[in-house]
Amino acid sequence: METEVVESQVAEAEVVVTKKGQTTIPVKLRRKYKIEEGTKLAVIDTKEGILMKPKKTIWDMIGSGSEFATVEEMNKLLDKLRHENE
């Protein structure tokens, strides 16, 4: 029987929630996760608590398929799919 070891996490900072439910993410974490004004965060209810993480944008996806095909190969496939849908 294997025992799962869970790494304990220590809070990096303490934040305060306003009466409107707002808080400030510490600058160290904003820089680490590239969170800037306008960044959308996914808010997820987990059994450990609330998880907030940046949502992926189309810009985050650029190049994500490069290990599977070249740009030219992808363009040819897209052209083929567009032609099939006509």
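Scanning region 13-31 for residues that are surrounded by 10 or more Cβ atoms within 10 Å (Cβ to Cβ) and modelled with pLDDT under 90 gives a single hit, Ala13. Scanning region 45-86 for residues that are modelled with pLDDT of 85 or more, of a type in the set (A, V, I, L, M, F, W, C) and surrounded by 10 or more Cβ atoms within 10 Å (Cβ to Cβ) yields Leu51, Met52, Leu77, Leu78.
The values are calculated or read from the model by the stated rules, or taken from the named source; none is laboratory data. The shown structure was predicted, so the numbers you read here are calculated from the model rather than taken from an experiment. All Cβ positions, glycine included, derive from the backbone under ideal geometry; neighbour counts span all protein chains shown.
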